[in-house]
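The values are calculated or read from the model by the stated rules, or taken from the named source; none is laboratory data. Here the structure is a predicted model, which is why all the values come from computation and not from measurement. Because the Cβ atoms are built from the backbone with ideal geometry, glycine has one as well, and the counts that use them run over all protein chains shown.
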Amino acid sequence: MVGRYGIRVGDRISVAGVTGDVIDIGLVRMYLMELAGTGIDLDPTGRVVVLSNSVLFQAGTPLFKQIPGTEYAWHEVVASLNPGTNYKLVQDKFSIAVNAVYEKYRVEIENKVGGIERRLEVQLRAPVPEAKLQFSDAGLEFVVRYPVDIRRASEIDDHVTRSVLDLLDKEAELKGAVAGTPKIRAAIKG
């Protein structure tokens, strides 16, 4: 709990199956404002979880904490494509839509990466949205991964959702290429 990247008040951690923001650290206990939600949106539950500090030293109890400056995660907007569709059209339009949203908070993410570079004295490439076409059990999918500030993830996902929906409403050919409704999900599996 101590050291260069130890746990501090305000950190978001996951330990012993609980995700939350650290609100206090005592000599023998740690207090988390529990976060929960559906899918990728995390909101306070109103409960404060009290954990014995010894939980951090138990075998088999993983602790996840992002080092200072890395308060971003990856999310994806995923569109299943109809067979024989013009996937290049979907790729171009979805990429433009997600990049337009990302541009509004790009500097914020780049500043976080700059902070990591200064702390660790390493050179890192700033995260940017990435697009890829992939096969899935349902058929062909187009995926755009984009970084989100973990404290503003819901807000950013809302902007991406609205941007993609507006795009689908305006472009009949694009709407015909996409099977069903696109989904937004966390890029971390498992």
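Considering (1) in a strand (DSSP E or B); (2) touching a Leu at 6+ places or on another chain (Cβ under 9 Å), the lone condition that residue 148 does not fulfil carries the number (2). Condition first: part of a strand (DSSP E or B), farther than 30 Å from residue 165 by Cβ and free of Cβ contacts under 8 Å to residues at least 40 places away in the same chain. Can you find one or more residues in segment 33-43 that meet it? The answer is yes; a qualifying residue exists. Here segment 151-188 is the region considered, the condition is being closer than 30 Å to residue 44 by Cβ and part of a strand (DSSP E or B), and the residue that is modelled with the lowest pLDDT is 186. Against the conditions (1) modelled with pLDDT of 95 or more; (2) touching a Leu at 6+ places or on another chain (Cβ under 7 Å), residue 117 satisfies every one except (1).
Looking only at residues of segment 110-141 that are surrounded by 11 or more Cβ atoms within 10 Å (Cβ to Cβ) and basic (Lys, Arg), we find that the one that is farthest from residue 184 (Cα to Cα) is 119. Taking the numbered list (1) assigned to a helix (DSSP H, G or I); (2) among the hydroxyl-bearing types (Ser, Thr, Tyr); (3) not assigned by TED's automatic domain parsing to the domain that holds residue 19 in turn, residue 80 passes all entries but (1).
Return yes or no: is residue 144 under 30 Å from residue 10 (Cβ atoms) and either exposed (fewer than 13 other Cβ atoms within 10 Å of the Cβ) or among the β-branched types (Val, Ile, Thr) (or both)? When the stated conditions are applied, residue 144 does not pass them. Find the residue count for segment 85-109, including only residues that are part of a loop (DSSP other than H, G, I, E, B) and surrounded by fewer than 16 Cβ atoms within 10 Å (Cβ to Cβ). Matching residues across segment 85-109 total 2.
The rows are residues; the columns are (1) modelled with pLDDT of 85 or more; (2) over 22 Å from residue 6 (Cα atoms); (3) not β-branched (Val, Ile, Thr).
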site: 32; (1), (2), (3): yes, no, yes
site: 48; (1), (2), (3): yes, no, no
site: 74; (1), (2), (3): yes, yes, yes
site: 107; (1), (2), (3): yes, yes, no
site: 111; (1), (2), (3): yes, no, yes
